[in-house]
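Below is one structure; the comments refer to it alone.
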Amino acid sequence: MSLTKKLIGVTLGVGLASSMSYASAELEKVMKDRGLTEQDVVRAAKTYNPSGGRDEFVAFSSGGQSGQMMVYGIPSMRLLKYIGVFTPEPWQGYGFDEESKKVLRQGNIRGREINWGDTHHPGLSETKGEYDGKWLVINDKANPRVAVIDLADFETKQIVVNPVFKSEHGGSFFTPNSEYILEACQYAAPFDNEYHPIEEYKETYRGGITLWKFDPKIGRIQEKESFTLELPPYMQDLSDAGKNMSFGWGFTNSFNSEMYTGGIEVGLPPFEAGCSRNDTDFLHVYNWQKLAELAKDPKNVKIINDHKVIPMEVAVANDALFLIPEPKSPHGVDVSPDGKYIVVCGKLDTHTSVYDFEKIQKLIKNKEYAGKDPYGVPILDMKKSLHGQVELGLGPLHNQYSNVDGEIYTSLYVDSQIVKWNYKELKVLDKENVHYNVGHLMGMESETVTPQGKYIVSLNKLAIDRFQNVGPLHPQNHQLIDISGKTMDLLVDMPIPLGEPHNAVAIQAKRLHPHVRYEMGTNSRTGEIHEGKTLAGQERVERDGNKVKVYATLVRSHINPERITVNKGDEVTMYLTNLERAQDETHGFTVDHFNVHASLEPGKTVSIKFTADIEGVFPYYCTEFCSALHLEMMGYLMVKDPNKKYVSAQKLKMATMSPEQMKAEYDKTVSVNAATDAVIQSVVKFLKENNYDKHEVVKNLVVDALDQYGKIAEEKKKSDEAVAAGDMEKAILFENMIWQYMVKTADVGIRAKDALVRLIATPQSTEAVAGEKAFAEGGCNGCHVIGKVSSGPDLTGVLQRHEDGEKWVASFIQNPEKHFAEPYVKSMIDYFNLRMPNQNMSPEETKNIVEYLKWVETNANLF
Ligand code: CUK
Ligand code: CUA
């Protein structure tokens with residue numbers, strides 16, 4: 001048996017011989033048409049999510065220079081969201097509404113707006129060393145900042161600026177209970193904001209580690225309780241927090257222990273030569289728990305830019321800071337799940353070095369130092385701290401752990417490979433080629449105390465020939481690798497079209513519990529009820545001098561108010577509340593020409609603010625296609641110049657309808673509404689009779705539908721009042737509004753009915769599924785609607801109507817002409833004035849359609 005056949009057999013269950021041949025023939029055709037191998041098909045099956053399917057893991061990837069983040073599913077590698085962090089993101093209104101601007105502007109540096117970021121390392125909050133699915137943090141290398149994202153709604157809530165660094169890189173890494181976030185400096189610079197000549201590099205330039213105090217309950221960094229450990233200007237790099245046995249300690253690499261300062265323009269060798277002269281650089285080892293205690297006593301800290309800094313001498317005097325030589329210009333440092341091993345990648349060295357935390361602690365305890373650096377920091381002996389070294393290949397950069405004890409995966413930048421090896425036994429196990437030049441790699445919860453294994457994603461810097469050419473700037477390439485087998489298997493490529501993601505972290509999807517709506521009137525950026533919260537009936541315009549405040553609501557399919565007139569020069573603030581409770585009913589809002597935009601998810605209140613400094617008429621509208629009447633969801637802002645005289649155009653007024661025509665239109669509208677209501681009532685009857693409320697999915701749809709229906713009574717009252725007052729035009733408009741609500745009710749109601757039918761009907765056999773598909777694809781449903789007489793007879797009960805029904809129907813499908821003379825068929829032809837066409841169905845398809853009709857018959861009561 002070929003692999004394909006085996007695959008189909010396994011998928012469909014042995015014994016379904018006929019369906020197996022059906023699916024297998026189709027699969028073979030697809031494989032042939034698309035040039036797929038059997039291996040490809042297996043890989044596709046490993047990553048494919050059927051419509052509506054979900055992924056086991058969710059990845060949060062840095063967006064590199066985009067200053068955003070990306071969210072995608074694993075193994076499907078489907079993008080789910082972008083999150084604006086350091087950069088405006090217009091869809092979500094980030095940077096275009098007032099609330100999000102407040103967050104974005106927390107990232108101003110020395111009073112200046114910065115609207116981009118170079119995001120590198122995302123970190124997920126942890127409880128006891130495991131991901132808790134609550135908070136996500138990300139650093140900005142270019143403008144040293146850290147941002148906090150709330151995983152309840154995937155929105156950025158806070159940005160903090162590092163008060164002393166001028167650049168950073170080794171962040172943002174949570175400690176195991178999210179007590180602190182580590183952020184290590186990158187390019188050393190003076191801590192103060194003054195000029196210091198480069199010749200005074202050793203004396204006045206500094207590196208460091210900032211320990212941001214984090215409150216996991218509210219998800220905010222506590223700036224006042226945070227502090228920085230001063231370090232020599234060695235260009236600190238990646239960092240990791242200890243866990244389990246190494247809890248309380250932090251580890252940070254560096255790549256310029258030479259303290260080289262460049263000078264290409266004065267004839268000195270460039271940075272790259274000077275920074276890599278020594279055979280070794282320094283791994284910084286520090287006790288953050290002890291440092292946090294020290295920082296509480298003002299004696300131990302210097303205040304620089306209003307921020308606590310622990311000088312190196314204080315850390316050294318309290319046995320809280322040590323250095324260990326590590327191979328030349330290393331990059332990644334990763335602590336093993338049990339906390340015992342610290343694996344450092346060589347970058348310019350083919351080796352990866354495994355340090356032993358217990359050995360390090362022994363040296364520290366015995367004060368057994370190999371020497372001191374020029375700043376007086378004790379140096380531990382490299383050999384005595386090492387568990388061992390392994391030669392992996394060229395350009396090792398980063399490591400990730402799996403669920404198998406001792407198993408680790410390392411990226412090789414120069415070799416374009418992922419290496420699987422054992423860090424305890426110091427043995428290489430497997431290598432997989434990637435395309436091309438991998439930086440970070442991502443395991444599943446790999447940085448926690450309980451890595452999940454299963455997959456590695458290779459975050460490649462170059463894509464070269466992997467995708468359609470889209471010009472000289474190529475996408476990045478994330479490649480999914482299956483690591484569940486003995487050797488690695490590369491499954492699929494995912495182009496990344498948004499900056500260069502350095503690192504990404506993956507969490508089990510079941511650990512995430514985001515909301516689907518906000519409590520009514522919530523300011524999403526603070527989590528509090530918004531001062532501008534507006535409920536139905538509270539819409540208004542308030543004026544105070546030249547300050548205009550509009551309290552508006554949005555609900556399918558109107559914005560209230562719909563006309564706003566202001567004077568040129570007025571400062572306009574619009575508070576917008578989305579009154580929807582229905583899932584996924586987001587409205588967007590903009591006023592043309594004023595560079596404002598808001599995204600209003602159900603329950604959210606957002607404000608936009610602008611000065612109406614130009615005269616004219618400006619439409620405002622909903623920017624999300626939210627219903628069939630989305631285009632009608634609009635209004636006008638009219639800005640008039642108070643110093644100008646406007647000439648009236650009243651005499652150009654158009655002629656209008658006669659009272660009789662009005663009455664006729666009113667009557668027509670009312671009767672259409674009555675007919676629509678009858679359809680709704682029949683659906684309601686069906687739903688009730690079939691106990692819809694026992695099915696959560698259906699119940700939710702019905703709640704949505706009734707929400708719309710409930711609005712009708714009030715509109716009817718207004719319509720009747722208008723009739724009583726003799727204003728037929730107004731009455732017609734309210735009747736139209738009633739029809740809108742009915743259509744929305746019916747739309748959701750019918751969806752609920754369809755969902756319910758599928759839930760309570762008997763399950764379809766594989767043949768019946770194929771039959772329904774053939775029925776639809778063959779165009780049968782163009783004339784035959786199940787449960788209804790359409791342009792052809794209703795087929796419910798067709799198998800009973802004829803003697804030997806199954807055989808008769810099959811023959812009729814295959815050769816309709818043969819039956820035209822039969823009295824029953826003849827009468828149908830006369831009645832519908834149509835002949836059943838020959839659709840050239842294969843015997844296989846015909847058989848499946850009969851199976852489908854059998855299924856219809858069994859469930860006839862539902863149609
Ligand atoms: S870094 Cu870019 S590949 Cu910023 Cu973690 Cu290593
Ligand atoms: Cu609301 Cu479109």
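Take region 450-495 and flag every residue that is among the hydroxyl-bearing types (S, T, Y) and either in a strand (DSSP E or B) or open to solvent by 60 Å² or more (accessible area, probe 1.4 Å) (or both). Passing the criteria: Y455, S458, S484, T487. Of all the criteria given as (1) part of a strand (DSSP E or B); (2) surrounded by 21 or more Cβ atoms within 10 Å (Cβ to Cβ), the one not satisfied by Q158 is (2). For region 696-723, filtering for residues that are assigned to a helix (DSSP H, G or I), within 37 Å of the chain's Cα centre (by Cα) and not hydrophobic (A, V, I, L, M, F, W, C) leaves 7.
When E601 is tested against (1) farther than 25 Å from P88 by Cα; (2) touching a Lys or Arg at 6+ places or on another chain (Cβ under 8 Å), just one condition goes unmet, and that condition is (1). No other residue among G537, G499 is farther than 25 Å from S100 by Cβ, away from ligand 2 (no atom under 16 Å from the Cβ), in a loop (DSSP other than H, G, I, E, B) and open to solvent by 20 Å² or more (accessible area, probe 1.4 Å) apart from G537. If only residues of region 540-570 that are within 16 Å of ligand 2 (Cβ to nearest atom) and of a type outside the set (V, I, T) are counted, the one that is surrounded by the most Cβ atoms within 10 Å (Cβ to Cβ) is L554.
Just one of the numbered conditions (1) open to solvent by 50 Å² or more (accessible area, probe 1.4 Å); (2) in contact (Cβ under 8 Å) with a residue 12 or more places away in the chain; (3) out of contact with any strand residue (DSSP E or B) (no Cβ under 7 Å at 6 or more places or on another chain) is not true of S671: (2).
Residues that are out of contact with any His (no Cβ under 8 Å at 6 or more places or on another chain) and part of a strand (DSSP E or B) were ranked within region 333-370; the one that is surrounded by the fewest Cβ atoms within 10 Å (Cβ to Cβ) is H351. For region 812-842, filtered to residues that are over 21 Å from V856 (Cβ atoms) and among the aromatic types (F, W, Y), the residue that is least open to solvent (accessible area, probe 1.4 Å) is F820.
Considering only residues that are open to solvent by less than 10 Å² (accessible area, probe 1.4 Å) and in contact with an Asp or Glu (Cβ under 7 Å, 6 or more places away or on another chain), look in region 575-593 and name the one that is farthest from ligand 2 (Cβ to nearest atom). Filtering first and then ranking leaves A582. For region 779-811, taking the residues that are in contact (Cβ under 8 Å) with a residue 60 or more places away in the chain and crowded, with 18+ Cβ neighbours inside 10 Å, the one that is farthest from Q839 (Cα to Cα) is identified as T796. Taking first residues from region 732-758 that are at negative phi and partners that are open to solvent by 40 Å² or more (accessible area, probe 1.4 Å) and of a type in the set (S, T, Y), the Cβ contacts under 8 Å between residues at least 6 apart in sequence or on separate chains come to Y741/Y709; M742/Y709; T745/Y709; A752/Y692; L756/Y692.
Yes or no, residue by residue, for (1) of a type in the set (V, I, T); (2) under 24 Å from D192 (Cα atoms):
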residue: K296; (1), (2): no, yes
residue: K299; (1), (2): no, yes
residue: V316; (1), (2): yes, yes
residue: D319; (1), (2): no, no
residue: L323; (1), (2): no, no
residue: Q361; (1), (2): no, no
residue: G376; (1), (2): no, yes
residue: V390; (1), (2): yes, no
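Residues in region 631-641 that are open to solvent by less than 20 Å² (accessible area, probe 1.4 Å), out of contact with any Asp or Glu (no Cβ under 7 Å at 6 or more places or on another chain) and either within 16 Å of ligand 1 (Cβ to nearest atom) or closer than 12 Å to F589 by Cα (or both): M633 only. Picking from residues in region 371-405 that are of a type in the set (G, A, S) and under 32 Å from the mean Cα position of the chain (by Cα), the one that is farthest from ligand 1 (Cβ to nearest atom) is S402.
Here E445 qualifies as acidic (D, E), farther than 13 Å from V343 by Cα and open to solvent by less than 50 Å² (accessible area, probe 1.4 Å).
L124 meets the stated requirement of being among the hydrophobic types (A, V, I, L, M, F, W, C), within 16 Å of ligand 1 (Cβ to nearest atom), outside any loop (DSSP other than H, G, I, E, B) and at pLDDT 95 or above. Of the strands (runs of 3 or more DSSP E) lying entirely inside region 371-435, the ones with 3 or more residues being surrounded by fewer than 16 Cβ atoms within 10 Å (Cβ to Cβ) are found at 427-433.
Screening D704 on (1) open to solvent by 70 Å² or more (accessible area, probe 1.4 Å); (2) charged (D, E, K, R); (3) closer than 23 Å to E585 by Cα shows it passes everything except condition (1). Go through region 31-74 and give me each residue that's more than 18 Å from D493 (Cα to Cα) and surrounded by 19 or more Cβ atoms within 10 Å (Cβ to Cβ). Result: G64, S66, G67, Q68, M69. Screening region 594-686 for strands (runs of 3 or more DSSP E) wholly inside it with 3 or more residues that are more than 16 Å from ligand 2 (Cβ to nearest atom) returns the ranges 605-611, 616-621, 634-640.
Collect the residues in region 817-848 that are out of contact with any helix residue (DSSP H, G or I) (no Cβ under 8 Å at 6 or more places or on another chain) and assigned to a helix (DSSP H, G or I), keeping them in residue-number order. Those that are out of contact with any helix residue (DSSP H, G or I) (no Cβ under 8 Å at 6 or more places or on another chain) and assigned to a helix (DSSP H, G or I): E817, P823, K826, S827, M828, I829, D830, Y831, F832. Would you please name the residue that is modelled with the highest pLDDT, looking only at residues in region 724-736 that are surrounded by fewer than 18 Cβ atoms within 10 Å (Cβ to Cβ) and in a helix (DSSP H, G or I)? Here the residue is A724. Within region 108-130, the set of residues being in contact with a strand residue (DSSP E or B) (Cβ under 7 Å, 6 or more places away or on another chain), open to solvent by 10 Å² or more (accessible area, probe 1.4 Å) and farther than 23 Å from G208 by Cβ comprises just one member, E126. Taken over region 767-794, residues that are assigned to a helix (DSSP H, G or I), modelled with pLDDT of 80 or more and small (G, A, S) amount to 5.
Is it fair to say F812 is more than 46 Å from the chain's Cα centre (by Cα) and at pLDDT 90 or above? Taking the combined requirement at face value, the residue satisfies it. Within region 514-534, being surrounded by fewer than 17 Cβ atoms within 10 Å (Cβ to Cβ) and either touching a Leu at 6+ places or on another chain (Cβ under 8 Å) or of a type in the set (G, A, S) (or both) holds for P514, G527.
The values are calculated or read from the model by the stated rules, or taken from the named source; none is laboratory data. Computed from a predicted structure; not experimentally measured. Every residue, glycine as well, gets a Cβ built from its backbone with ideal geometry; the counts of neighbours run over all protein chains shown. Just the protein is used for accessible areas: all its heavy atoms, side chains included, with ligands, DNA and RNA removed. Shrake-Rupley method; radii C 1.70, N 1.55, O 1.52, S 1.80 Å.
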